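Notes follow the structure.
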Amino acid sequence: MMNQIVLVGRLATEVKENEGENYYSITLAVSRTFKNAEGIYETDMVPITLWKGIGENTKEYCHKGDVIGVKGRIETKDDKIIIVAEKVTFLSSKKVDDKDER
């Protein structure tokens, strides 16, 4: 049996460090591959947990709006589904103009 998931999307939030914990949290905006009845591509907001090392690197190099790829696994805890990242790939950065500095 295999428990793997691969998602590609834009960071919908900045990387959040959970104080006193060993993990970080992000929300990934993932567009669907089909249009709804109104002809619009809907976007799912997927919460993802990043353990310490991956979370630190993601916080340092990625910001809201950047496109990333996440390879991970699905876990369940208290009847909630959790996506845990095992690898994060930085795919592209949001364009930065003169007024918007990181």
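Values in this text are rule-based calculations from the coordinates and carry no lab data. Quick caveat: nothing in here was measured; it's all calculated off a predicted structure. Here the Cβ positions follow ideal geometry from the backbone for every residue, glycine too, while neighbour counts run over all protein chains shown.
GLU60 falls short of the stated requirement of being part of a strand (DSSP E or B) and over 11 Å from the mean Cα position of the chain (by Cα). Applying the criterion of being small (Gly, Ala, Ser) and in contact with a Leu (Cβ under 7 Å, 6 or more places away or on another chain) to the residues of region 36-88, the residue that is surrounded by the most Cβ atoms within 10 Å (Cβ to Cβ) is ALA85.
Note on region 1-35: residues that are surrounded by 13 or more Cβ atoms within 10 Å (Cβ to Cβ) and assigned to a strand (DSSP E or B) total 16.
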